[in-house]
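Scroll down for the structure; my scribbles are underneath it.
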Amino acid sequence: MKFSLTFLAGIPLGIGIEHFAGINSGAPLFFAGVLAVVVPVIALLSSKRRVRALARCLNAVATSDSGIATRRTVSSSSFRKPVSLPPNADSLVEDVVSALVNAGARPSVARKAAMEASQLNRDFESAYRRSLQIVAPRSARKSN
């Protein structure tokens, strides 16, 4: 962009120099224009990061008027869906659910076990240990 603006600002200067020097050919100005376009393109293509930035820019320009939003697709195995919180969630239950999910339990199973364990135990450690005892037999049954 800087190079294009510099070129556009240099056009009146080039025309003035050609006029006062008596040059009637447009060839020098044509080659200056080609140079102003080629040099930034070479600079953009000099690294993978810049090529990707150029591709994103061109993609954004190409889809800006069409109303089509393009997105990179991500495989579902690369991340887990966040656990949704009910509006009036108990903080102890949510902490236990988070710990169980981080330990590898499925969110639905973890929520059921945490709710069951937190009814009798109101501190985190005992609720977490009890919910582990609830989750372990269920996951052992599913793996067999």
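Coordinate-derived values only; no laboratory data. On a predicted model such as this, the values are computed, not experimentally measured, just so you know.
Can you tell me the length gained on complete extension of the stretch residue 126 to residue 46, counting 0.36 nm per residue apart and subtracting the Cα distance?
Full-extension gain reported as 22.9 nm.
A full extension of the chain between residue 119 and residue 103 corresponds to an added length of 3.6 nm, given 0.36 nm per residue minus the alpha carbon distance. Segment residue 24..residue 59, full-extension length gain: 8.5 nm, with 0.36 nm per residue of separation and the alpha-carbon distance subtracted.
Here the 3J(HN,Hα) profile of the stretch 112-118, calculated from phi with Karplus coefficients 6.51, -1.76 and 1.60 at θ = phi - 60°, is 5, 5, 5, 5, 5, 6, 7 Hz, Gly and Pro shown as x.
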